[in-house]
Amino acid sequence: MDWTEVSVMTTSEAVEAVSNILMEHGASGVSIEDAKDFAKLKPGRYGDHGEIIDPNDLTYITQGAIVSAYYPNNQHIDQQAAQIGDEVRGLSKFNLNPVPAEITITPVANKDWQTAWEKYYHPVSISRFITIVPSWEDYQPKSDQEKIVRLDPGMAFGTGTHPHVGTGSGVLSIAAKLMGAGPIQAFDVDDIAVRSAEKNIQLNPAAKDIHVSANDLLKGIHQQVDIVVANILAEIIIPLVPQAYENLKPGGYFLTSGIIKDKYEVVKKQLVAGGFQIIETLRMKDWYGIIAQKPKDGD
(Lines give C-alpha, C1' and ligand atoms only; values in the text may rest on other atoms or scores of the structure.)
Protein backbone atom coordinates (compact mmCIF):
# COMPACT_ATOMS: atom_id res chain seq x y z
CA MET A 1 0.00 0.00 0.00
CA ASP A 2 1.29 3.48 -0.90
CA TRP A 3 0.50 6.60 1.08
CA THR A 4 -0.27 10.29 0.67
CA GLU A 5 1.30 12.87 2.97
CA VAL A 6 -0.73 16.00 3.70
CA SER A 7 1.37 18.74 5.30
CA VAL A 8 0.00 21.93 6.82
CA MET A 9 2.29 24.90 7.40
CA THR A 10 0.94 26.70 10.46
CA THR A 11 1.92 28.25 13.79
CA SER A 12 3.10 26.60 17.00
CA GLU A 13 -0.06 27.64 18.83
CA ALA A 14 -2.29 25.88 16.26
CA VAL A 15 -0.41 22.57 16.19
CA GLU A 16 -2.80 20.65 18.43
CA ALA A 17 -5.92 21.87 16.65
CA VAL A 18 -4.48 21.19 13.18
CA SER A 19 -3.45 17.70 14.28
CA ASN A 20 -7.00 17.08 15.44
CA ILE A 21 -8.44 18.22 12.10
CA LEU A 22 -6.16 15.87 10.18
CA MET A 23 -6.99 12.95 12.45
CA GLU A 24 -10.71 13.63 12.08
CA HIS A 25 -10.23 13.27 8.33
CA GLY A 26 -8.95 9.73 8.91
CA ALA A 27 -5.20 10.16 9.15
CA SER A 28 -3.27 7.02 10.00
CA GLY A 29 -0.78 9.13 11.94
CA VAL A 30 0.64 12.61 12.37
CA SER A 31 4.12 14.10 12.62
CA ILE A 32 5.06 17.53 13.92
CA GLU A 33 8.00 19.81 13.19
CA ASP A 34 7.89 22.85 15.43
CA ALA A 35 10.53 25.57 15.32
CA LYS A 36 9.96 26.25 19.02
CA ASP A 37 10.99 22.70 19.88
CA PHE A 38 14.25 22.93 17.95
CA ALA A 39 14.98 26.42 19.27
CA LYS A 40 15.80 24.81 22.62
CA LEU A 41 18.67 22.85 21.08
CA LYS A 42 21.42 25.45 21.00
CA PRO A 43 25.04 24.52 20.21
CA GLY A 44 26.26 26.19 23.40
CA ARG A 45 24.11 23.85 25.47
CA TYR A 46 25.12 20.61 23.78
CA GLY A 47 26.93 18.51 26.35
CA ASP A 48 26.66 21.10 29.13
CA HIS A 49 23.06 20.22 29.88
CA GLY A 50 23.01 16.64 28.67
CA GLU A 51 21.37 17.33 25.29
CA ILE A 52 21.23 14.07 23.36
CA ILE A 53 20.92 15.57 19.88
CA ASP A 54 23.62 17.81 18.46
CA PRO A 55 21.64 20.56 16.67
CA ASN A 56 24.44 20.90 14.14
CA ASP A 57 23.54 17.45 12.85
CA LEU A 58 19.88 18.32 12.22
CA THR A 59 17.98 20.02 9.44
CA TYR A 60 14.95 21.81 10.84
CA ILE A 61 12.56 24.68 10.30
CA THR A 62 13.32 28.01 11.93
CA GLN A 63 9.80 29.44 12.22
CA GLY A 64 6.24 28.19 12.53
CA ALA A 65 5.32 24.53 12.51
CA ILE A 66 4.52 21.82 10.00
CA VAL A 67 1.91 19.20 10.85
CA SER A 68 1.93 16.24 8.47
CA ALA A 69 -0.57 13.41 8.24
CA TYR A 70 -0.49 10.14 6.34
CA TYR A 71 -3.37 8.54 4.47
CA PRO A 72 -3.58 5.34 2.44
CA ASN A 73 -4.06 6.14 -1.24
CA ASN A 74 -7.40 4.36 -1.37
CA GLN A 75 -8.76 7.10 0.91
CA HIS A 76 -8.43 9.75 -1.86
CA ILE A 77 -7.48 12.44 0.64
CA ASP A 78 -6.66 14.86 -2.20
CA GLN A 79 -10.40 15.30 -2.67
CA GLN A 80 -10.67 16.54 0.93
CA ALA A 81 -7.81 19.03 0.74
CA ALA A 82 -10.04 22.06 0.15
CA GLN A 83 -12.22 21.18 3.14
CA ILE A 84 -9.15 20.64 5.33
CA GLY A 85 -7.87 24.06 4.28
CA ASP A 86 -11.19 25.69 5.20
CA GLU A 87 -11.19 24.02 8.62
CA VAL A 88 -7.61 25.04 9.34
CA ARG A 89 -8.26 28.66 8.38
CA GLY A 90 -11.44 28.52 10.46
CA LEU A 91 -9.36 28.09 13.61
CA SER A 92 -9.05 31.86 13.72
CA LYS A 93 -12.62 31.87 15.05
CA PHE A 94 -11.29 30.11 18.16
CA ASN A 95 -8.55 32.72 18.72
CA LEU A 96 -5.89 30.49 17.18
CA ASN A 97 -3.64 31.84 14.44
CA PRO A 98 -3.28 29.16 11.72
CA VAL A 99 -1.47 31.38 9.16
CA PRO A 100 -0.10 30.65 6.62
CA ALA A 101 -2.28 27.51 6.61
CA GLU A 102 -0.55 26.27 3.46
CA ILE A 103 -1.34 22.68 2.46
CA THR A 104 1.02 20.43 0.51
CA ILE A 105 0.11 16.98 -0.81
CA THR A 106 2.94 14.53 -1.52
CA PRO A 107 2.86 10.85 -2.54
CA VAL A 108 4.88 8.54 -0.28
CA ALA A 109 5.85 5.11 -1.59
CA ASN A 110 5.35 2.28 0.89
CA LYS A 111 9.06 1.49 0.82
CA ASP A 112 9.78 5.07 1.97
CA TRP A 113 7.23 5.00 4.81
CA GLN A 114 9.61 4.08 7.61
CA THR A 115 12.23 6.70 6.73
CA ALA A 116 9.46 9.26 6.20
CA TRP A 117 8.68 9.22 9.91
CA GLU A 118 11.89 7.98 11.56
CA LYS A 119 13.55 11.31 10.78
CA TYR A 120 11.24 12.99 13.28
CA TYR A 121 12.03 10.77 16.24
CA HIS A 122 15.21 11.00 18.32
CA PRO A 123 16.21 10.21 21.92
CA VAL A 124 14.78 12.78 24.30
CA SER A 125 15.87 13.34 27.89
CA ILE A 126 12.69 13.92 29.92
CA SER A 127 14.60 14.35 33.17
CA ARG A 128 17.85 13.21 34.72
CA PHE A 129 16.07 9.92 35.43
CA ILE A 130 14.16 9.18 32.21
CA THR A 131 15.24 9.16 28.56
CA ILE A 132 12.83 8.16 25.79
CA VAL A 133 14.67 6.29 23.03
CA PRO A 134 13.31 5.05 19.68
CA SER A 135 13.54 1.29 19.34
CA TRP A 136 16.05 1.41 16.47
CA GLU A 137 18.58 3.66 18.26
CA ASP A 138 21.69 2.20 19.89
CA TYR A 139 21.70 4.38 22.98
CA GLN A 140 23.37 3.58 26.29
CA PRO A 141 22.52 5.22 29.65
CA LYS A 142 25.04 7.77 30.86
CA SER A 143 24.60 6.88 34.54
CA ASP A 144 23.12 4.25 36.82
CA GLN A 145 20.25 6.64 37.59
CA GLU A 146 19.20 7.11 33.95
CA LYS A 147 16.33 4.83 32.95
CA ILE A 148 15.77 4.11 29.26
CA VAL A 149 12.21 3.83 27.93
CA ARG A 150 12.34 2.28 24.46
CA LEU A 151 9.41 3.08 22.20
CA ASP A 152 8.27 2.37 18.69
CA PRO A 153 6.18 5.48 18.03
CA GLY A 154 4.18 3.69 15.36
CA MET A 155 1.63 5.95 13.74
CA ALA A 156 1.72 8.90 16.16
CA PHE A 157 4.92 10.81 16.60
CA GLY A 158 6.53 14.26 16.65
CA THR A 159 9.80 15.99 17.38
CA GLY A 160 9.58 14.49 20.84
CA THR A 161 8.98 17.55 22.96
CA HIS A 162 5.37 18.51 22.35
CA PRO A 163 3.39 18.55 25.59
CA HIS A 164 0.27 16.88 24.25
CA VAL A 165 0.55 14.78 21.12
CA GLY A 166 0.37 11.04 20.67
CA THR A 167 -1.76 8.11 21.61
CA GLY A 168 -1.63 4.88 23.53
CA SER A 169 2.14 4.36 23.57
CA GLY A 170 2.16 3.06 27.13
CA VAL A 171 5.03 5.42 27.96
CA LEU A 172 3.59 6.57 31.30
CA SER A 173 3.11 3.01 32.52
CA ILE A 174 6.56 1.92 31.35
CA ALA A 175 8.24 4.94 32.97
CA ALA A 176 6.36 4.31 36.23
CA LYS A 177 7.52 0.70 36.27
CA LEU A 178 11.14 1.64 35.62
CA MET A 179 10.94 4.16 38.47
CA GLY A 180 9.89 1.44 40.90
CA ALA A 181 6.10 1.27 40.79
CA GLY A 182 4.54 -2.06 41.76
CA PRO A 183 1.75 -3.81 39.84
CA ILE A 184 0.41 -1.58 37.04
CA GLN A 185 -2.77 -1.76 35.00
CA ALA A 186 -3.13 0.40 31.89
CA PHE A 187 -6.38 1.12 30.05
CA ASP A 188 -7.26 2.70 26.73
CA VAL A 189 -10.60 2.86 24.99
CA ASP A 190 -8.98 2.09 21.61
CA ASP A 191 -7.89 -1.48 20.76
CA ILE A 192 -5.21 -0.14 18.41
CA ALA A 193 -3.71 1.88 21.25
CA VAL A 194 -3.77 -1.20 23.48
CA ARG A 195 -1.81 -3.18 20.89
CA SER A 196 0.66 -0.32 20.51
CA ALA A 197 1.22 -0.19 24.26
CA GLU A 198 1.68 -3.96 24.44
CA LYS A 199 4.29 -3.79 21.68
CA ASN A 200 6.22 -1.07 23.50
CA ILE A 201 6.05 -2.96 26.78
CA GLN A 202 7.78 -5.88 25.06
CA LEU A 203 10.62 -3.51 24.13
CA ASN A 204 11.17 -2.87 27.85
CA PRO A 205 11.71 -6.23 29.62
CA ALA A 206 11.64 -4.63 33.07
CA ALA A 207 8.04 -3.57 32.38
CA LYS A 208 6.83 -6.86 30.94
CA ASP A 209 4.32 -7.55 33.75
CA ILE A 210 2.25 -4.40 33.02
CA HIS A 211 -1.30 -5.43 32.16
CA VAL A 212 -2.96 -3.49 29.32
CA SER A 213 -6.59 -3.80 28.30
CA ALA A 214 -9.35 -1.89 26.55
CA ASN A 215 -11.79 -0.11 28.82
CA ASP A 216 -13.98 2.98 29.06
CA LEU A 217 -11.89 5.02 31.52
CA LEU A 218 -12.21 3.21 34.89
CA LYS A 219 -15.80 2.10 34.36
CA GLY A 220 -16.33 -1.24 36.06
CA ILE A 221 -12.89 -1.14 37.72
CA HIS A 222 -13.01 -1.53 41.50
CA GLN A 223 -9.59 -1.59 43.15
CA GLN A 224 -7.64 0.28 45.77
CA VAL A 225 -4.43 1.67 44.29
CA ASP A 226 -1.78 4.21 45.27
CA ILE A 227 -1.66 6.28 42.08
CA VAL A 228 -3.90 6.96 39.08
CA VAL A 229 -2.28 8.74 36.11
CA ALA A 230 -4.02 10.22 33.06
CA ASN A 231 -2.57 12.35 30.27
CA ILE A 232 -5.64 13.25 28.25
CA LEU A 233 -8.07 16.04 27.40
CA ALA A 234 -9.92 17.88 30.16
CA GLU A 235 -13.26 16.71 28.78
CA ILE A 236 -12.20 13.15 29.58
CA ILE A 237 -10.45 13.91 32.87
CA ILE A 238 -13.63 15.40 34.35
CA PRO A 239 -15.75 12.19 34.24
CA LEU A 240 -12.67 10.29 35.40
CA VAL A 241 -12.49 12.25 38.68
CA PRO A 242 -15.10 10.27 40.68
CA GLN A 243 -13.81 6.99 39.25
CA ALA A 244 -10.25 7.81 40.29
CA TYR A 245 -11.41 8.84 43.76
CA GLU A 246 -13.26 5.55 44.19
CA ASN A 247 -10.24 3.48 43.14
CA LEU A 248 -7.61 5.33 45.18
CA LYS A 249 -6.56 4.40 48.68
CA PRO A 250 -6.80 7.19 51.27
CA GLY A 251 -3.71 9.32 50.74
CA GLY A 252 -3.41 8.15 47.12
CA TYR A 253 -2.50 10.49 44.27
CA PHE A 254 -4.31 11.40 41.06
CA LEU A 255 -1.86 12.79 38.47
CA THR A 256 -3.42 14.47 35.44
CA SER A 257 -1.93 16.31 32.48
CA GLY A 258 -2.81 17.35 28.94
CA ILE A 259 -5.01 20.14 30.32
CA ILE A 260 -5.14 23.21 28.09
CA LYS A 261 -4.90 26.60 29.82
CA ASP A 262 -8.56 27.46 29.22
CA LYS A 263 -9.68 24.24 30.94
CA TYR A 264 -7.33 24.33 33.92
CA GLU A 265 -9.70 26.08 36.35
CA VAL A 266 -12.59 23.83 35.34
CA VAL A 267 -10.57 20.68 36.02
CA LYS A 268 -9.19 22.07 39.28
CA LYS A 269 -12.69 22.92 40.54
CA GLN A 270 -13.93 19.47 39.55
CA LEU A 271 -11.10 17.82 41.47
CA VAL A 272 -11.81 19.86 44.61
CA ALA A 273 -15.56 19.24 44.31
CA GLY A 274 -14.78 15.55 43.95
CA GLY A 275 -12.99 15.48 47.31
CA PHE A 276 -9.38 15.87 46.18
CA GLN A 277 -6.77 18.20 47.63
CA ILE A 278 -4.58 20.02 45.08
CA ILE A 279 -0.95 19.35 45.99
CA GLU A 280 0.90 20.86 43.04
CA THR A 281 0.30 22.42 39.61
CA LEU A 282 2.75 21.97 36.74
CA ARG A 283 2.87 23.98 33.51
CA MET A 284 4.49 23.61 30.09
CA LYS A 285 3.59 26.43 27.69
CA ASP A 286 -0.23 26.50 27.64
CA TRP A 287 -0.61 22.97 29.02
CA TYR A 288 -1.08 22.07 32.68
CA GLY A 289 -0.62 19.09 34.94
CA ILE A 290 -2.16 18.68 38.38
CA ILE A 291 -1.09 16.50 41.30
CA ALA A 292 -4.12 15.87 43.50
CA GLN A 293 -4.43 13.71 46.62
CA LYS A 294 -7.31 11.81 48.13
CA PRO A 295 -7.37 12.84 51.81
CA LYS A 296 -5.95 10.40 54.29
CA ASP A 297 -8.26 8.82 56.82
CA GLY A 298 -9.05 11.42 59.47
CA ASP A 299 -8.19 14.43 57.30
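A 28 angstrom limit on the alpha carbon distance is what I want to check against. Which of Lys219/Lys285; Lys199/Lys261; Lys147/Lys296; Lys93/Lys294; Lys36/Lys147 exceed it?
Lys219/Lys285; Lys199/Lys261; Lys147/Lys296; Lys93/Lys294
Going from most exposed to least, what order do His222, His122 have by accessible area with a 1.4 Å probe?
Listed by decreasing accessible area, they come as His222, His122.
Rank Arg283, Arg128, Arg150 by accessible area, highest first, at a 1.4 Å probe radius?
Final ranking, largest accessible area leading: Arg128, Arg283, Arg150.
Run the dipole for segment 199-272 about the Cα centre, Lys and Arg Cβ at +1, Asp and Glu Cβ at -1, nothing else charged, and hand back the magnitude in debye, nearest 20.
100 debye
Could you work out the relative contact order of segment 167-299? I mean the mean sequence separation of Cα pairs under 8 Å and 6+ apart, divided by the number of residues, in percent.
Computed value for segment 167-299: 19 percent relative contact order.
Say each of Asp138 and Lys219 gets a label point 7 Å from the Cα, pointing the same way as Cα to Cβ; how far apart are those two points in nm?
That separation, rounded to one decimal, is 4.9 nm.
The values are calculated or read from the model by the stated rules, or taken from the named source; none is laboratory data. In this text the structure is predicted, and so the values were computed from the model without any measurement. Because the Cβ atoms are built from the backbone with ideal geometry, glycine has one as well, and the counts that use them run over all protein chains shown. For accessibility, only protein heavy atoms count, side chains too; no ligands or nucleic acids. Shrake-Rupley method; radii C 1.70, N 1.55, O 1.52, S 1.80 Å.
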